[in-house]
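Input: a single structure, listed below in structure tokens.
The values are calculated or read from the model by the stated rules, or taken from the named source; none is laboratory data. Just so you know, these numbers come straight off a predicted model, no measurement behind them. We place every Cβ from the backbone using ideal geometry, glycine too, and count neighbours over all the protein chains shown. Just so you know, the surface numbers come from the protein's heavy atoms only, side chains and all, with ligands and any DNA or RNA stripped out. Shrake-Rupley method; radii C 1.70, N 1.55, O 1.52, S 1.80 Å.
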Amino acid sequence: MTPTLGAVLVGFALLVWELFVWFPGLKTLQTNLIGAAGELLPFTLCWCVGALTVMVVGGLVGWIGDTALWGLNTFGDGLLVYGVGAQTGTAPGSTAAPLTQGGLFMTALVLVGFLARRHRGAKASKWRGWGAGVGLGLSAGIARYAAVPLASAVNLSGAWLTGMIS
């Protein structure tokens, strides 16, 4: 499935929402930048999980990723057309599966960790991160700088791990 401008809109909206909820103020950023920025780590990690979810093509995880992207496409396109009177269309992106067998193996492990940790901490932030990753993970501008290195990292670590255990 290919992302539309609607999915990209929803992905960016979730990102903006998170930034506005997180923003601690200029004084805090000037005195404790690392501590304040560290509060964005759960969102960022969940964004990566969402991007990996939408990269998986087959199986249950692929179906979940496709269904989530379809929902974001539909909702976001509706917002664009009926909310602000804009036109929608396919966002530049990739429909190819960039994950190898080892990458899919590592993605499964990452998803298990995500599901195990979803009951701890700020749940809304984590789900916003996952949704933003699904909406933005395959768009060309984001994929070039974030999803491609992310896919490369899980492919490499998966090849190493599956090579070690076989």
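Say we join alpha carbon atoms closer than 10 Å with springs in a Gaussian network model of the chain; which of 44, 28, 53 then has the biggest fluctuation?
Maximum among the listed residues: 28.
Quote to one decimal, in nm, the extra length available between residue 74 and residue 40 on full extension: 0.36 nm per residue of separation minus the C-alpha distance between them. Write out the running numbers ahead of the final one.
Values: separation 34, 0.36 × 34 = 12.24 nm, distance 2.79 nm.
Difference between extended and current length: 9.4 nm.
With the Cα gyration tensor of the stretch 124-166 in hand, give its eigenvalues times 5 under a square root as the equivalent ellipsoid semi-axes, listed largest first in whole angstrom. Intermediate values should be presented prior to the final figure.
Values: eigenvalues 131, 43, 7 Å².
For the stretch 124-166, the semi-axes come out at 26, 15, 6 Å.
Sticking with the crude label model, points 7 Å out along Cα→Cβ, report the distance from residue 82 to residue 17 in nm, one decimal please.
With each label point 7 Å from Cα toward Cβ, the separation is 1.8 nm.
Hey, in the GNM for the chain with a 10 angstrom Cα cutoff, which one of 23, 12, 75 fluctuates hardest?
Highest fluctuation among the options: 23.
So, for the chain, what is the accessible surface per residue at a probe of 1.4 Å, expressed in square angstrom?
Ligands and nucleic acids excluded, the figure is 56 Å² per residue.
Taking the Cα atoms of the chain, report the difference between the largest and smallest coordinate on each principal axis, in whole Å and largest first.
In descending order, the Cα extents are 51, 44, 29 Å.
Given charges of +1 on the Cβ of Lys and Arg and -1 on the Cβ of Asp and Glu, with all other atoms neutral, how large is the dipole of the chain about its Cα centre, in debye to the nearest 20?
400 debye
Taking the dipole about the Cα centre of the chain, with the C-beta of Lys and Arg at +1 and of Asp and Glu at -1, give me whichever of 37, 76, 88 is farthest to the positive side.
37
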